[in-house]
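So the structure is just underneath, and the comments pick up after that.
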Amino acid sequence: MPSTYPLESDSARGWERRMTKVMFAVIKSGGRQYKVSVGQTLEVNRLPVEVGEQVHFNEVLLISDANNTMIGTPLVDSATVLATATKQGRGKKLIVFRYKPKKRIRHRRGHRQDLTILTIDDIVAGGKSLITGAAPKSREEEEEELPVVEKFETPPESTELEAATGEVSETAEPEVEEKKPSRRRRTKKTEESESEAEE
């Protein structure tokens, strides 16, 4: 009987989707615990990282996949979760309202939490990626492997009108900067006194 759900297909892509849905890890960040899986977007308290930088979470409490579960005591040995910082942002505004009844004391304050939005890249246990089975590569290593293409500056081409007339526009010549008068009062006063003396 054919399956009615696309995740239950026997293709390699379907198996990969099932594994990413079944496999998860529990990590600790900022005093909170998060259940994460590969490809998931996660909001955590602000981390001191740049956008696009890769983050390593070494405090992994649990890793589970279809076959087995590794539970840490309190942390799983040699386990890491790799994530990429997508953007820095702020959470929704919360109203903090404190009051004392019958005393006419009311304090209404707003609060927006600073957040870092992360995308989970990989779950690593024992030095091997649980997704690919190979050793994990950080983003810096992947960028180093790509060939670097050098950009050469090309001189600006003359326009068709210039080529037809044989004239070169004045913009091609370097411009000479005009000397701006000083803003100092003393200079203005001396200039004024010199002009009065000439009269």
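Read-outs throughout are calculated quantities, based only on the coordinates presented, and are distinct from any laboratory measurement. Small disclaimer: the values here were computed from a predicted structure and weren't measured. Neighbour counts run over all protein chains shown; Cβ positions are idealised from the backbone, glycine included.
β-branched (Val, Ile, Thr), touching a Ser or Thr at 6+ places or on another chain (Cβ under 6 Å) and either surrounded by 15 or more Cβ atoms within 10 Å (Cβ to Cβ) or within 23 Å of Gly52 (Cα to Cα) (or both), is that true of Thr132? Taking the combined requirement at face value, the residue does not satisfy it.
Take segment 91-130 and flag every residue that is part of a strand (DSSP E or B), farther than 22 Å from His56 by Cα and not aliphatic (A, V, I, L, M). Correct list: Phe97, Arg98, Tyr99, Lys100, Arg106, His107, Arg108, Arg109, Gly110, His111.
Among the residues of segment 71-80, are any of a type outside the set (Gly, Ala, Ser), in contact (Cβ under 8 Å) with a residue 40 or more places away in the chain and buried (at least 18 other Cβ atoms within 10 Å of the Cβ)? Looking for residues that are of a type outside the set (Gly, Ala, Ser), in contact (Cβ under 8 Å) with a residue 40 or more places away in the chain and buried (at least 18 other Cβ atoms within 10 Å of the Cβ), one finds at least one in segment 71-80, hence yes.
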